[in-house]
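Novice: I have a structure I would like to understand better, so I am pasting it below and will then ask my questions one at a time.
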Amino acid sequence: MTTMDLRVGNKYRIGRKIGSGSFGDIYLGTNIISGEEIAIKLESVKAKHPQLEYEARVYKSLAGGVGIPFVRWFGTECDYNAMVLDLLGPSLEDLFNFCNRKFSLKTVLLLADQLISRIEYIHAKSFIHRDIKPDNFLMGIGKRGNQVNVIDFGLAKKYRDPKTHFHIPYRENKNLTGTARYASINTHLGVEQSRRDDMESLGYVMLYFCRGSLPWQGLKAATKKQKYDRIMEKKMTTPTEVLCRGFPNEFAIYLNYTRSLRFDDKPDYSYLRKIFRDLFVREGFQYDYVFDWTVYKYQKNAQAIRQGEDKQGREDPSQQAQPGTVAQSSRPRNKNLIAGEDTPNTRGAVGGSDRM
C-alpha cells in the first residue's frame, strides 16, 4: 500500500508530498467530510528513532498559542505514525528565495516582532525549540496570511519542570542539535542548550535575512565534524560589528545581549522587542503588514497584467482603456495580494533541512 492510498483517522485522505521535516515527510491532505485541506506528517513505524508521537505531545502542550499549528489527530495507520495539523503557507526560507534572497529592513523588523513573541511563548510553556531557522517559520494562509507560525518541534526539549520551574542542569560535551548555520556558539562548544541559545539563533536568522547570507556559509571540509568546527571557528572569530556592518546598531545590541546571557537566565523579551520597535518607528515605517513578498507579488502581478493588456490591445484596440477611465484589469485581480495572503505556491506545513 502506498501513502496515497492511506486514510488517516477515518476522515483524512493523503495527497501529494509537500515537504520534509526533521523527522518524517509532510503531505497535503483533505478532510473527506468537510473538504478542508490540512497537512499530514508521516513517519515509518520502523523508524530507528521514532519522534512523531513526541512532537505531537509538544504541539498539544503548546496548543492555543498564537502561531502554533493545531494538531487535529495523531495515531498509527498501517505502517505509519501520522499527525494531522493545520495547513500553513510558505516558510520564511521560501519567501526569502521568492524575494531574491534579501529582505528589506522593514520586513526584517516586522518579522522580528512576531519571531521574538513566538519564542517567548514556547519558553513560557517550559520548552526550548533547539532548531530556530527560516525553514521552521511559516506564514499562515487566508485571514491569517500575515501571521508567523512555528513548526517542527521534533528537537524541542523541556528546559525546566513546568510546575516547580526548576531549570535543567548545566552540562557539557553535548552533540550539536539543530542546524549548524544558525547554532549558537555555546551549542558549537557542546554546552547544553537553554533559552539563550534559541534567542542567539534568532539573531543569526535576522542577520541572514538582512545580509543575504552569513560569513560561515559554503565552507568546505572533508567530514561533517570538520565542517561544524570550521563554522564554529568562523562564528567565533567574526566580530559582531563586522557581522552587523551596514545595518542598524540594534542588531549588534541584540546579538551581544543574547551572547551575554548566562545558562539559566530568562531573556528580556520585552526589551528585545522594544529596541526593534523603536527602530521601526524611528525609520518611519508603517505597521501595515506589507512585507517584501506582498510588494513583489503585486509588482509581478501588475507586470503580468500589463503584458496581457499589451497583447490584448494589439489584438483588439476596442478593449483599450479610454482617456479619463480606469482600466478594470489594471487593478490587482486578487484582493488578497495587498494583504499578503496570496503567497507563492509553496503551501504546506513544511520544515526541516540539512543546511549548514
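Novice: Determine the gain in length on full extension of the stretch ARG171-ARG57; use 0.36 nm per residue of separation and subtract their C-alpha separation, reporting nm with one decimal.
Specialist: Result: 38.5 nm gained on full extension.
Novice: Tell me which aspartates and glutamates have Cα within less than 19 Å of LYS300's Cα, excluding those fewer than 8 residues away on the same chain?
Specialist: LYS300 reaches ASP94, ASP292, GLU309, ASP310, GLU341, ASP342.
Novice: Could you tell me the calculated FRET efficiency between ASP161 and ARG306, based on Cβ-Cβ distance and R0 = 51 angstrom, to the nearest 0.05?
Specialist: Details: r = 61 Å, r/R0 = 1.19.
Between ASP161 and ARG306 the formula returns 0.25.
Novice: Right, here's the next one. Can you return the lysines within cross-link range of LYS266? Criterion is Cα-Cα under 19 Å, with same-chain partners fewer than 8 residues away left out.
Specialist: LYS125, LYS157, LYS158, LYS163, LYS274
Novice: Ordered by packing density, taken as the mean number of other Cβ atoms within 10 Å over each peptide's residues, highest first, how do 43-53, 96-106, 74-84 rank?
Specialist: 74-84, 96-106, 43-53
Novice: Note down the net charge around LYS157, summing +1 for each Lys or Arg and -1 for each Asp or Glu among other residues with Cβ under 15 Å from its Cβ. Numbers along the way, then the final one.
Specialist: Details: positive: ARG57, LYS125, ARG130, LYS158, ARG160, ARG171, LYS174, ARG195, ARG196; negative: GLU55, ASP131, ASP152, ASP161, GLU192, ASP197, ASP198, ASP264.
Result for the neighbourhood of LYS157: +1.
Novice: Which parts of region 61-86 would a label at GLU37 reach, counting a residue when its backbone N lies under 15 Å from a point 7 Å out along Cα-to-Cβ?
Specialist: Once the point is set 7 Å along Cα→Cβ of GLU37, 85-86 turn out to lie under 15 Å by backbone N, inside region 61-86.
Novice: What is the extension gain from ASP229 to GLN217, computed as 0.36 nm multiplied by their sequence separation minus the C-alpha to C-alpha distance, in nm to one decimal? Before the final figure, lay out the partial values.
Specialist: Details: separation 12, 0.36 × 12 = 4.32 nm, distance 1.26 nm.
Difference between extended and current length: 3.1 nm.
Novice: May I pose another question? Which order do SER20, SER194 fall in if you start with the one that has the fewest other Cβ atoms within 10 Å?
Specialist: Values: SER20 17, SER194 26.
Fewest-to-most Cβ neighbours within 10 Å comes out as SER20, SER194.
Novice: Rounded to the nearest 0.05, what FRET efficiency do ARG16 and TRP73 give with R0 = 25 Å and r taken as the Cβ-Cβ distance? Could you check? Mind dumping the intermediate values first?
Specialist: Details: r = 20 Å, r/R0 = 0.78.
Result of the calculation: an efficiency of 0.80.
Novice: On to the next question. Using amide H atoms built 1.01 Å from N in the peptide plane, name the residues 5+ places from TYR12, or on other chains, whose amide H lies under 5 Å from its own.
Specialist: Here the answer is ILE32, since their amide H atoms fall under 5 Å of that of TYR12.
All of the numbers you see were taken from the coordinates with simple rules; none came from a lab. Bear in mind that the values here come from a model prediction, so they are computed numbers and not experimental data. Cβ atoms come from the backbone with ideal geometry, glycine included; neighbour counts cover every protein chain shown.
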